[in-house]
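What follows draws every value from the coordinates through simple rules; no lab data is involved. These numbers were taken from a predicted model, which means no experiment stands behind them. Neighbour counts are summed over all protein chains in view; Cβ atoms, including those assigned to glycine, are modelled from backbone coordinates with ideal geometry.
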Amino acid sequence: MIESHKLQWEHFCEWADNHEWDRFHSNHYDWWAFPIDRPSSFGFMYTVFESEISQMKSDKGFMERHRDCARLLMLSWGWDAQNDTEIKRPSSSQKWAHWPIRLAKCSRSMWLFGQLDLWQSTSQYAEQLLSDGFSFWYNGRDLFGEIVSPEDF
């Protein structure tokens, strides 16, 4: 998982450096970029449990890349996670891509790994999107509550 994560982080950095924000919107990566303690469409293949989370949290390089992945994903959506605000002049492809599941996985992963400042930023972004009229429904369920209150899910 750590190696897959590192490779994905390298892709994220390349896409961001080249301003290829649409690559964030069209590629699949959320399973290993934002590990969570829940099964996915792949079952438990990418699920992390307490022992894996503890091991990953002790890896300083992983934790730095984990934070960077969240920051870059949010940047692709036009959100500055360091300042908890919308980017003032985003490019045309730096916008919400209507992937509430990705925001939910990113948010939960930040919460699980103790990145509470980034979890808070994902929550604020979700609240902004909700106030702008966007839906968080995905596969028959509303993910908004999971994003803003992960401890309840």
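Annotations
- Count - residues of the range 67-85 that are over 16 Å from D30 (Cβ atoms), part of a loop (DSSP other than H, G, I, E, B) and of a type outside the set (G, A, S): 3
- Unique residue being surrounded by fewer than 18 Cβ atoms within 10 Å (Cβ to Cβ), without any contact (Cβ under 8 Å) to a residue 40 or more places away in the chain and in a helix (DSSP H, G or I) when the list is E52, E64: E64
- Residue match in the range 132-139 (condition: on the phi > 0 side of the Ramachandran plot and either over 14 Å from the mean Cα position of the chain (by Cα) or not in a helix (DSSP H, G or I) (or both)): yes
- Looking at R71, R89, just one residue is touching a residue at least 12 places away in the same chain (Cβ under 8 Å) and of a type in the set (K, R), and that residue is R71.
- Of all residues in the range 92-123, those satisfying the criterion of being touching a residue at least 12 places away in the same chain (Cβ under 8 Å), surrounded by fewer than 18 Cβ atoms within 10 Å (Cβ to Cβ) and in a helix (DSSP H, G or I) are I101, Q120.
- Test: residue in the range 90-109 that is among the basic types (K, R) and either out of contact with any helix residue (DSSP H, G or I) (no Cβ under 9 Å at 6 or more places or on another chain) or over 16 Å from F144 (Cβ atoms) (or both): yes
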